[in-house]
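This is the structure, below, for whatever I ask next.
Read-outs: derived from the displayed coordinates by stated rules, not from any lab. All values reported here derive from a predicted model rather than from experimental measurement. Neighbour counts are summed over all protein chains in view; Cβ atoms, including those assigned to glycine, are modelled from backbone coordinates with ideal geometry.
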Amino acid sequence: MATAHDLVRPATRSAFDIARVREDFPILKEKIHGKPLVYFDNAATSQKPRSVIEAEQRFYLTECSNVHRGVHYLSEQATQAYEAARGKVQRFLNARDAREIIFVRGTTEAINLVASSYGRKNVQAGDEVVITAMEHHSNIVPWQILCEEKGAKLRVAPINDDGELIFEEFEKLLTSRTRLVAVVHISNALGTINPVQRIIEAAHRRNIPVLLDGAQAAAHLKVDVRELDCDFYTLSGHKLYGPTGIGVLYGKARLLEAMPPYQGGGDMISSVSFEKTTYNVIPAKFEAGTPNIAGTIGLGAAIDYVNQIGFENLAPYEHELLEYATEALARIPGVRLIGTAKEKAAVLSFVMDGLHPHDVGTVLDQEGIAVRTGHHCAQPLMDRFGVPATTRASLAFYNSFEEVDALVKGIQKVKEILG
C-alpha cells in the first residue's frame, strides 16, 4: 500500500529554514497524549510566534493605558503603539491611507459592519447582494439579515464539483439591481483561491462595489488592495499568527466617509449634546469604545514577523507542502478529497468511507494530530457536496513534510481502529 514515504519530497524553491521557523513557536514543542503536537488546524486559528506573545506581554508590563484621550506618558506610549500598528496594516495591505484601516474584533465583525452601515444605507427593497456557494457563515448571515430587513434578495453564484466558482454563472447574476458583491478570497473549507481580480473587474464594469473576505488569504498570499481595487477587505489577526479578538476592515476612504457609524460610544464622536451628536472622522468613527489595544499591538508584531519571513519564501514552501500532502492523501484507499480546485491554498478537506469525521478527528487527536472536523461554518457548501461534514487539515509555513507523514500514519491508524 502506498504511503507518504513512497513520495519524493520536493527541493524547496527558497532557502526556507523550517527548523529555525519552528523554534519561533513555543507551542510546537508541546506533547499531546504523550505524542508530539502536529498542528493542522491553522484555518481555525494559527499559532503565535514568541515575538507576538512578548509584544502583548510588554504592553501590559510597561505601557498599559487607554489610548487617544490621555495626556500622560503611558497613554501617549500606548496611543503611539496602537497607531503604529495601524500603519503596519496599511503597508501590509498597501492601502492608500491609514485612515482606511478600521480595527474590529475579526472578519465576522468587519463584514457585519459593512452590512449594517454600507448595506443599510445603500440596499433597498428589490435590490440584490451577490455571494458564492462557498462562503463562510460570516459572509452569508449578515447579508441574509440585511436582505430580510430591506426586502432585498441574496443571490448565490454556483461552484463546480472541484469547488471552483463557475464564473460565467456569477457574471449572469450581476444586474442593475446588484448593490454589492461579497466573496471569499480563499475558502476556509476547500482552500479554493477565487479569481478575485476577475470578480472585481466584472463587478466594477457595472459600478458594483466588492467586499473580499480575506480571513484565510491574508496569511498565505500577498494582498495588495490597490492592485485588486477591491472596495472592502477584511481579515482576522488570529489567522495571521496574531492574537484573537482583533481584526481589520479596509475600506476605500470615500466609501467609509459616506457610511454612518456602526456603533455609538466614546472616541467615535466629535461632540455630544442631548440634542445632537456629531461624529468623528475615519477611522475613529467606526472604533467606538476602548479597543483591543494589546491585541492590536500583537497584530502589528505578527505582521512584522510575517514580513520578516517574507511571502516570497513562505508561499512556495506552503505550496510544495500542500502538493505533497494532497498526493499523499489521494493515495490512501477510502479517502476522498473535497475541494480539488486548480488554484488552492493550504487546506485539505476529506472524508473517509463509512466513517464520521468526528470519529476520525478523535482518533487523530490521540495520535497528537490536531485537525478540524465538522461543517466548518459552511453548511450550504457541505450540502453542495452531499456530505454532513469533513475532516480538514489546514497547513501553515511552520508545518513540515514529516508532519504530513504523521498525518498519513494517523489516517492509517484510523482505518485500523474504526475501519
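Using modelled amide H (1.01 Å from N, peptide plane; none on Pro or chain starts), what sits under 5 Å from the amide H of Asp213, excluding residues fewer than 5 places away?
Val183, Val184, His185
Report, in debye and to the nearest 20, how large the dipole of the range 52-308 comes out about its Cα centre when Lys and Arg carry +1 and Asp and Glu carry -1 on their Cβ.
With only Lys, Arg, Asp and Glu charged at Cβ, the dipole is about 580 debye.
Tell me the net charge near Ala288. Cut-off is 15 Å between Cβ atoms, Ala288 excluded, with +1 for each Lys or Arg and -1 for each Asp or Glu.
Details: positive: Arg69, Arg105, Lys285; negative: Glu109, Asp267, Glu287.
My count for the surroundings of Ala288 gives 0.
Further question: Within 10 Å of each residue's Cβ, count the other Cβ atoms and sort Lys409, Lys121, Lys276 from fewest upward.
Fewest to most other Cβ atoms nearby, the residues stand as Lys276, Lys121, Lys409.
For His68, project a label point 7 Å along Cα to C-beta. Then give me every residue of the range 272-295 with its amide nitrogen under 17 Å of that point.
Only 272-273, 277-295 pass the distance filter.
What are the residues whose amide H is under 5 Å from the amide H of Thr192, where those residues sit 5 or more places off or on another chain and H is modelled from the backbone?
When sequence neighbours closer than 5 places are left aside, the close amide H contacts are Ser187, Ala345.
Could you work out the equivalent-ellipsoid semi-axes for the range 1-150, taking the square root of 5 times each eigenvalue of the Cα gyration tensor, largest first, in whole Å?
Gyration-tensor ellipsoid for the range 1-150: 36, 30, 16 Å.
Between the range 15-83 and the range 196-243, what is the separation of their alpha carbon centroids in Å?
25 Å
On to the next question. Work out from phi, with θ = phi - 60° and the Karplus expression 6.51 cos²θ - 1.76 cosθ + 1.60, the ³J(HN,Hα) of each residue of the range 225-232, listed in order in whole Hz, and give x for Gly and Pro.
Couplings: 5, 6, 5, 5, 6, 5, 8, 9 Hz.
By the scheme Lys and Arg +1, Asp and Glu -1, what is the net charge of all other residues having a beta-carbon under 12 Å from that of Ile297?
On the way: positive: Arg58, Arg86, Lys88; negative: Glu54, Glu56, Glu63, Glu83, Asp304.
Here the count lands on -2.
Short version: what are the Cα gyration tensor semi-axes of the range 113-190, square root of 5 times each eigenvalue, largest first, in whole Å?
22, 14, 9
Once you wrap a convex hull around the alpha carbon atoms of the range 166-289, what is its projected area averaged over all directions, in nm²?
Convex hull of Cα atoms, orientation-averaged projection: 9.6 nm².
Given charges of +1 on the Cβ of Lys and Arg and -1 on the Cβ of Asp and Glu, with all other atoms neutral, how large is the dipole of the range 127-210 about its Cα centre, in debye to the nearest 20?
Using only the charged Cβ atoms, the result is roughly 380 debye.
Could you tell me the convex hull volume per residue, in Å³, taken over the Cα atoms of the chain? Can you show the working numbers first?
On the way: hull volume 61.4 nm³, N = 419.
Spread over its residues, the Cα hull of the chain gives 147 Å³ apiece.
Going by C-beta contacts inside 10 Å, put Lys285, Lys413 in order with the fewest on the left.
Lys413, Lys285
Mind checking which lysines have their C-alpha under 30 Å from Lys409, skipping anything on the same chain fewer than 8 residues away?
Straight-line reach from Lys409, under 30 Å: Lys29, Lys31, Lys35, Lys48, Lys239, Lys342, Lys344.
Starting at the first residue of the range 257-271, write each ³J(HN,Hα) from the Karplus equation 6.51 cos²θ - 1.76 cosθ + 1.60 with θ = phi - 60°, in whole Hz, x for Gly and Pro.
In residue order, the calculated couplings are 5, 8, 8, x, x, 8, 9, x, x, x, 6, 9, 10, 9, 8 Hz.
Please give the Cα centre distance for the range 170-185 versus the range 126-157, rounded to the nearest Å.
10 Å
Taking the Cβ of each residue in Ile111, Ile200 as the centre, tally the other Cβ atoms inside 10 Å and list the residues starting with the fewest.
Fewest-to-most ranking of Ile111, Ile200: Ile200, Ile111.
Which aspartates and glutamates, if any, have their Cα less than 17 Å from the Cα of Lys276, not counting same-chain residues under 8 positions apart?
Correct list for Lys276: Asp267.
Right, here's the next one. Going by amide H atoms built from the backbone, whose H comes under 5 Å of the H on Gly247, apart from near neighbours?
Amide H to amide H, under 5 Å and 5 or more residues apart or across chains, Gly247 pairs with Val104, Arg105, Gly106, Gly237.
Just to verify a number: FRET efficiency for Arg120 and Lys35, C-beta to C-beta distance, R0 = 60 Å, to 0.05?
With a Förster radius of 60 Å, E is 0.75.
Calculate for the chain the 222 nm mean residue ellipticity that helices alone would give, adding -39,500 (n - 2.57) per DSSP H run of length 4 or more and normalising by residue count, nearest 500 deg cm²/dmol.
Helices in the chain give a 222 nm mean residue ellipticity of -11000 deg cm²/dmol.
Taking the Cα centre of the chain as the origin and placing charges on Cβ (Lys, Arg +1; Asp, Glu -1), which of Gln57, Ile282, Val404 is farthest toward the positive end of the dipole?
Ile282
Just how far, in whole angstrom, is the range 358-408 from the range 265-295 if you go by their alpha carbon centroids?
About 42 Å separates the Cα centre of the range 265-295 from the one of the range 358-408.
Here's a follow-up. Between Glu312 and Arg20, what FRET efficiency comes out of the Förster formula 1/(1 + (r/R0)^6) with R0 = 22 Å and r the beta carbon distance, rounded to 0.05?
The value I calculate is 0.85.
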